[in-house]
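The values are calculated or read from the model by the stated rules, or taken from the named source; none is laboratory data. Bear in mind the structure is a predicted one, so any value in this text is a computation, not a measurement. Here the Cβ is made from the backbone with ideal geometry for all residues, glycine too, and neighbour counts use every protein chain on show.
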Amino acid sequence: MATRARVVRMEPPAATGGNALLVLVGLSVVFLLIVALLGVAKSGGSLISESNFLYVALIFYAGAGSLYMGFGVTGTPRYVRYASVATSIGLVANTLAVAHRWYLSGRPPFASIYEMLLSFVWAVAAMTLIAEKKFGVKIIGSITMPLAVVCVILMQLLPSEVRPLVPALQSTWLHVHVTLAMLSYAACALSCALAMMFLIQDGFQTETFLAWTSAMVSAIYIAIVATRFEKWGGLSVTGWNAQTKSDIFLGQGMRLFVTVPDLGWLFVIAALAAIVPLLLYFAGRVRNDGSFYGTANKAVFISILLQLVVVAAFVLRVRDAAYPSPDQDGLFPTSLAASPFLLGGMVTGIFASLLYLMLLWRRADLQGLLPSADTLDRVTYKTIGIAFPLLTGMIAAGAYWANRTWGSYWSWDPKETWAAITWLVYAGYLHMRITRGWRGRRAAYFAILGFGVVIFTFLGVTYLLPGLHAYA
Amino acid sequence: MAFSLSSIPKRIHKTFANLRTGIVLLILVVIASAMGTFVLQRPATDADRLAQAYSPNTLRWLDRFMLTDVFHSWWFLTLLGLVSLSIVLVSLDRFPNAWRFYARPYRKTDWHFRAALPHKVELPIKNAEDGLNAAERALKKLGWPVERVAYKNEPSLYSERHRFSVMAVYIVHASLLLIFAGGIIDGAFGYSGFLALHKGQTGNVIELRSGGKKQLPFAVKCYAAGQDNYADGSPKKWWSKLAVVQDGKEIESKEIVVNDPLVYRGLRFYQSSYWLDNHTVDSLQIAWVAKNGKETPLQLHMNQPVALDSDATVSLVDYIPDAFVRDGQVFKKSDDIENLAFGLEVKNRATAEVSKVWLLPAQGIVLGGENLNYQFKNPTGAQDIALAAVTGLEVSHEPGQWLVWGGVLLMCAGLGVAFYMVHMRLWIVAIPDAKGKLVLWVGGQANKNRDRFEQKFNDVVEGIRSELERESLTSRPARKEQPELTLAGVK
């Protein structure tokens, strides 16, 4: 702790330096826009199209995210000003994308996971600006903007053509249900970001978080290596039958595994890299020496880079490829859909590590720029106070609609069940807060957990747990 | 702490009236529900898929713990029952206090109560009655109801808004119980099943989801069913023209679509699926040629004779989706639509002689009937053949659903009140301050959204202050000269 405090004091006053990032981000934005413009001019397509608007939104969201993060690291207030300008431009482009799609299809963009994400990103960006202008939580964009960027990139992988509404979706309740869902999810995202701001402001021990994060990431990778590492450094994944859209089965409960060569080593390296910060943490505790933590933080950074490399390699090699199996002759196709839990584990690991990196920003000058911990705690609660009734309304509208479409208001479909779980988690938060007086850190952890469940309900269930709710 | 039998109910009460127990139960419900989504579930997943996904041993254990049908297992229902019990007991424990608070609001202003209030301001006044009057005017101007309270000879004002909001939390919990009650009633007395009807068919026996069949006290007739497509060929609308038939009389009719069911006597008929029956032809468009070479179009429906001329009738009697011909005979090969074959019967009215004619459009041949005066032509394309439409109706009886909707509405209202209605209270009393000078003491409290209340409280204080100022401007000299004023008035 002492070392960090000294570092802060030795730094130059925040306001003087820090044009570099601004120039860099500005140039990148301009460069990307020009490249995109040239691309459009070359292909002769229309400038006014949803994908172009979305691309512009992506560029500005990414720029805004970098500036917000830059603000988090350097504390230059000017960054935030430009970041919120960039967010506003991104929001305008996003609105145009939504409007263009709405105009073309003649209905609000609520009918597929792509359209849901389009609306969700819009709601998140809008709420970020509201939180910034109304509550003065300036740095919240450093969490919500990367989220928006990830969502927009994810959207590029999804089928985006405008499809006419299938019969089940032709209902007024679609609009009610989805609007409520998007608003409540965005409010949940905001409450999570606010809770993280609170943790930064609250001055808690980052070391404990370091230990938990690296323990979790290590556990994920050790589990993967222990169960999936094959001879000569391969990684075994489940074979995928594209026709039936299911795993390939050899017999009862026996899946066919194929071996992706060399990928196993990468996972071993990632596992080792994840253990290093944990070991450094323990060394620091045993020796009672704070300098170990600084090294551990650098090790976390390396671990994150490696995790990104591993995920990228995994995606590139497993996506729509074919590999031999040790059990049967011939090549068998693979698909990302066949390894939902591997992917889920890896993505969770990256998010947890990034969360930790963000918490490392806690610094004296940053704390001065944020609202007080008490205010953040209260605003987090207020945001959940908005999200919870919306969530209730979303579930109620969904149930009423299901009763008109599926013949039953509740059929324990995975999406329904997880919506109910989300509701219960936030209900738990409210009870602990109101009757047990949970404030501050515990409440903040709870809010972050709640948003994790929301993300699982929103995206995880759609891809991992198929059911009636197949539209999104 | 002797353990006696009589203490068991008390212990149970103590355990379940505890919020911690409630939270533990909620966590268990969450875990069980999550398991129910990760493990493949019985009614939705068919047995083959389950047998494929899990080894026999695993499946046996999953079944033993009812993990393959979590949401209908006794232990999950018990868990929900315990949650309800916990909600009831916790609410009962807390309700009397809350009710006392609601029914008899605390209007008094003891010094220790005043000391504990979060918002308080002292405004100097000359005279208790005038000060309170000014405060009353200010409050009324701002829309607060005002009550005069006399306590220990200290005249005071009490004002509150939205007292009802303290009851909201009980409304929300009661609504949850209402929803559970609706679910229990539906589980016990409700049923759901499936009814498939061909065009023109009437049915009153549904296949229950739980297995078995159920006969309805009335029948449903399907007049027509169909699918409308978008320009790109994807389905736009499934519809069925249905009628309720009872004792041979048609009572009600409706065209249902996917989001709009037919409701009759608590039973709902949903458009659930639509398909074409490969085994049944609805209509066939062909042509026949007379001896003189005259070609006449002919539309046939299954088993409905059509007069060719005054001598003979023809009817469509056979349909094979996938047929093959051997030795001049037509046989069925499979149920897939591949090589269609239509069997016609031509009946001579005078002799009652029947001849069979087979149309095989895929091969372009017509078998039989060579010696007849009538020649038949094959249908020219798919547009001439209409397979019978079948509408799949989901039927459900949910007698508890109105409790559920009532509960849902109540919960939305309750949450709205609980989160957005603030119980605000103000106490105003004229007392001497620490130095013994007379002041108007204004205190306030809100049960939530404290910063918004602070604003409102400041508004009230400002209102009273300006009201006091006005009074001191106008009435202070007036009060001094009050008798003279009166005299002047008399003069």
The correct count of residues that are over 21 Å from B:MET302 (Cβ atoms) and in a strand (DSSP E or B) in region B:349-375 is 2
A:GLY467 surrounded by fewer than 20 Cβ atoms within 10 Å (Cβ to Cβ), touching a Pro at 6+ places or on another chain (Cβ under 9 Å) and within 8 Å of chain B (Cβ to nearest Cβ)
yes
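Tally up the residues in region B:306-335 that are touching a strand residue (DSSP E or B) at 6+ places or on another chain (Cβ under 8 Å) and basic (Lys, Arg), please. Quick ask: steps written out before the conclusion?
Here is the first cut: in region B:306-335, the residues touching a strand residue (DSSP E or B) at 6+ places or on another chain (Cβ under 8 Å) are B:306-308, B:311-325, B:328, B:330-335.
Retained after the next criterion (residues that are basic (Lys, Arg)): B:332-333.
Count: 2.
Does B:VAL306 fit the bill of being among the hydrophobic types (A, V, I, L, M, F, W, C), without any contact (Cβ under 8 Å) to a residue 12 or more places away in the chain and within 15 Å of B:LEU393 (Cβ to Cβ)? Show your work before the answer.
Details: among the hydrophobic types (A, V, I, L, M, F, W, C): yes; without any contact (Cβ under 8 Å) to a residue 12 or more places away in the chain: yes; within 15 Å of B:LEU393 (Cβ to Cβ): no.
In short, no.
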Among B:ALA103, B:ALA115, B:ALA98, B:ALA138, which is within 30 Å of B:ALA430 (Cα to Cα), buried (at least 17 other Cβ atoms within 10 Å of the Cβ) and either not assigned by TED's automatic domain parsing to the domain that holds B:GLY22 or not aromatic (Phe, Trp, Tyr) (or both)?
B:ALA138
Subset of region A:243-272 [within 13 Å of A:PRO333 (Cβ to Cβ) and in contact with a helix residue (DSSP H, G or I) (Cβ under 7 Å, 6 or more places away or on another chain)]
A:ASP247, A:VAL260
Among (1) touching a residue at least 40 places away in the same chain (Cβ under 8 Å); (2) at the interface with another protein chain (Cβ under 10 Å from one of its Cβ atoms), where does B:GLN41 come up short?
(1)
Could you check, for region A:441-452, whether at least one of its residues is within 11 Å of another protein chain (Cβ to nearest Cβ), in contact with a Leu (Cβ under 7 Å, 6 or more places away or on another chain) and farther than 30 Å from B:SER210 by Cα?
no
Counting just the residues of region B:178-189 that are away from chain A (no Cβ under 13 Å) and within 15 Å of B:LEU77 (Cβ to Cβ), which one comes out surrounded by the most Cβ atoms within 10 Å (Cβ to Cβ)?
B:ALA181
From the option list B:ALA32, B:ALA103, single residue qualifying as within 14 Å of chain A (Cβ to nearest Cβ) and among the hydrophobic types (A, V, I, L, M, F, W, C) is B:ALA32
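Hey, could you check region B:417-434 for residues that are in contact (Cβ under 8 Å) with a residue 60 or more places away in the chain and assigned to a helix (DSSP H, G or I) and say which is farthest from the other protein chains (Cβ to nearest Cβ)?
Filtering first and then ranking leaves B:VAL417.
To keep it simple, each residue is scored yes or no on (1) basic (Lys, Arg); (2) more than 23 Å from the chain's Cα centre (by Cα).
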residue: B:ASP232; (1), (2): no, yes
residue: B:LYS237; (1), (2): yes, no
residue: B:SER240; (1), (2): no, yes
residue: B:ASP247; (1), (2): no, yes
residue: B:LYS254; (1), (2): yes, no
residue: B:ASP260; (1), (2): no, no
residue: B:GLN271; (1), (2): no, no
residue: B:ASN278; (1), (2): no, yes
